[in-house]
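Below is one structure; the comments refer to it alone.
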Amino acid sequence: MDAPDYVLEGERVALGPLREELADSYRRWVHDLEVRSGILTVAIYGLEAEEAWVEETLTKCAGAQPEMAAFTVYDLSDGAAVGTTSLMAIDWRLSRSIFGIALGERRGTGLGTEATRLALDWAFNMLGLQNVMLTVLPTNTAAIRAYERAGFERIGRRRNALSVLGRRGDELLMDAVPDEFVSPVLAARR
């Protein structure tokens, strides 16, 4: 396996492009019940489907105005890939996107908070976006704390908007804006 290609490095975490040779790791992470409950997927992915997803996503990340920015999250202590994060549905006219993250390994260590901050740094200082939104289950308190530490604020609740394990539930809406965000890396380089 080739050495990781980091595009943004923080203190403990780096972000790099998705990698085809990590497709099986991405697939395995999505199948983990803890990860699955946070990203609300019921699908079961074979390796071929995950490889196709990586290829399709990399295509969407290309060009002058990409549809999304998707990253592999790396732990800088040993260079291990530990998850993925994305800025999805980039709307260039309205200057906004939707954020998502899935840590398949080493959850609860602060890596997700830093990866989220780096993704927001990319959104605001590389892409020039003005708003990044996410949705999260109100019961996912660890994720909510991480998002708030990274710069997101709660903006509302969408009632009975989700089906989780066959039960209806709310989703919490959060967003971040550049005026309230302190850049950990990119602003110092401008």
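The values are calculated or read from the model by the stated rules, or taken from the named source; none is laboratory data. Only a predicted model underlies this, so the values are computations on that prediction, with no experimental measurement involved. No Cβ is skipped: glycine too gets one built from the backbone with ideal geometry, and neighbour counts run over all protein chains shown. What goes into the accessible areas is simple: the full protein's heavy atoms, side chains included, and nothing from ligands, DNA or RNA. Shrake-Rupley method; radii C 1.70, N 1.55, O 1.52, S 1.80 Å.
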Which of the trypsin sites (Lys or Arg not before Pro) found in the stretch 34-126 are loop residues per DSSP with 14 or fewer other Cβ atoms within 10 Å of their Cβ? Arg93
Which labelled figure in (i) 173; (ii) 309; (iii) 121 is volume of the Cα convex hull per residue in Å³, once derived from the coordinates: (iii)
Taking the Cβ of Ala150 as the center, what net charge do the other residues with Cβ under 14 Å away carry, scoring Lys and Arg +1 and Asp and Glu -1? -2
So who's got an amide H within less than 5 Å of the one on Ala80, skipping anything under 5 residues away but keeping other chains? H placed 1.01 Å off N, in plane. Asp75
What accessible surface, in Å², does a 1.4 Å probe find on Ser95, ignoring ligands, DNA and RNA and rounding to the nearest 10? 20
Counting helices only, and only those DSSP H runs with n ≥ 4, report the 222 nm mean residue ellipticity of the chain as the sum of -39,500 (n - 2.57) divided by its residues, in deg cm²/dmol to the nearest 500. -8000 deg cm²/dmol
Tally Lys/Arg at +1 and Asp/Glu at -1 over every other residue whose Cβ is under 11 Å from the Cβ of Arg27; what's the total? -4
A correct Karplus calculation of ³J(HN,Hα) over the stretch 168-184, with 6.51 cos²θ - 1.76 cosθ + 1.60, θ = phi - 60°, whole Hz and x for Gly and Pro, returns 6, x, 7, 10, 8, 9, 9, 9, 9, 10, x, 5, 10, 10, 9, 5, x
Explain nothing, just compute: Karplus ³J(HN,Hα) = 6.51 cos²θ - 1.76 cosθ + 1.60, θ = phi - 60°, for every residue of the stretch 153-165 in order, whole Hz, x for Gly and Pro. 10, 6, 10, x, 9, 9, 7, 6, 8, 10, 10, 10, 6
